[in-house]
1. Probe of 1.4 angstrom, ligands and nucleic acids ignored: what's the accessible area per residue over the protein assembly as shown, in square angstrom?
2. What figure in square angstrom, to the nearest 10, would you give for the accessible area of B:Ser57 with a 1.4 Å probe?
3. Binned at 10 Å from 0, what are the whole-percent values of the Cα-Cα distance distribution for the protein assembly as shown, short to long?
4. Taking every DSSP beta bridge that has both residues in the range A:3-114, what percent is antiparallel when rounded to the nearest 5?
5. If the chain between A:Ser72 and A:Thr12 were fully stretched, how many nm would it gain, using 0.36 nm times the residue separation less the Cα-Cα distance?
6. Please compute the modelled spin-label separation between B:His5 and A:Leu56, points set 7 Å along Cα→Cβ, answer in nm with one decimal.
7. To the nearest 10 square angstrom, what accessible area does A:His82 show with a 1.4 Å probe?
8. Starting from the coordinates of the alpha-carbon atoms of the range B:3-112, obtain the Kirkwood hydrodynamic radius over all distinct pairs and give the value in Å to one decimal.
Amino acid sequence: AQSVTQPDIHITVSEGASLELRCNYSYGATPYLFWYVQSPGQGLQLLLKYFSGDTLVQGIKGFEAEFKRSQSSFNLRKPSVHWSDAAEYFCAVAFPNFGNEKLTFGTGTRLTIIP
Amino acid sequence: SQTIHQWPATLVQPVGSPLSLECTVEGTSNPNLYWYRQAAGRGLQLLFYSVGIGQISSEVPQNLSASRPQDRQFILSSKKLLLSDSGFYLCAWSVRRQNTEAFFGQGTRLTVV
C-alpha cells in the first residue's frame, strides 16, 4: 500500500544549528510531495512542494527539500534554525494515478529549538 | 484571493450529543474538499473527501458523516458523539484536477466529555 513515513517523532536542535527532517514514501512511481508546518492549535501552512523538474526545491522561511528518487525520500532542510521554527512538520504525498489529489500525511515531526 | 473558513474553533460536547462542523471556501469554484482529523502522535487522518456537490467519499469507517449541500460548503456531522471522536478537525480544499497543494482551515478542537 502507498504510504509516507516520518521516522523522527521529535527532534531538538540548538538555535542557529542546521536541520534535516526525514520523509520517505512507498509508491511505484513519483508522487507529488509536500511539506507543511503547523503551529500549536493552528491549521497547516505549506512550506514547499515538488511535482516534477529540479529535485531541489526552495520554500518559504528559508526551507528547502530534495527529492531523491533512488531513496524514495523528500527530506526537509534548513541551514540555520530560528526559535520561531519550533512547530510540527508534516510530509505529505499525493498519488496522481488514483484519479484524485487527496493527500496522505506522515505522522509528523515535532521540532523543539533550544537557546 | 481564496479563503477557507471553519467553525467553531473550539467545541466541548457531551457523549451522545450531535455534532455539526461547518467549512466554507470563498474565491474559487468546484474545489475538492476534505475533512481530516488529527489525534496526538498520529498525524492527519483523511476522513472524507468530495469532488462535487453531493459526492462524498469516506476513507475510514467511523461514527461521523459528511455532506456537501453547496459547491463551497462542507459539513461534518455525527448523530451521537463518542469519547473517541475527540480531536482536532481540519477542513481543506484544493483545485480540482490540477497539481496543487491543499489549503487548510484553522481547525476545530473538539472535546467530547
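1. 47 Å²
2. About 40 Å², rounded to the nearest 10.
3. Pair shares across the bins are 8, 32, 35, 20, 5, 0.
4. Roughly 85 percent of the beta bridges in the range A:3-114 run antiparallel, per DSSP.
5. Extending this stretch completely gives an extra 19.1 nm.
6. Modelled inter-label distance: 4.4 nm.
7. Approximately 80 Å² of A:His82 is accessible to the 1.4 Å probe.
8. About 13.9 Å for the range B:3-112.
The values are calculated or read from the model by the stated rules, or taken from the named source; none is laboratory data. If you're wondering where the values come from, they're calculated on a predicted model, not measured in any experiment. Every residue, glycine among them, receives a Cβ derived from its backbone with ideal geometry; neighbour counts consider all protein chains shown. Side chains included, ligands, DNA and RNA excluded: accessible areas come from the protein's heavy atoms. Shrake-Rupley method; radii C 1.70, N 1.55, O 1.52, S 1.80 Å.
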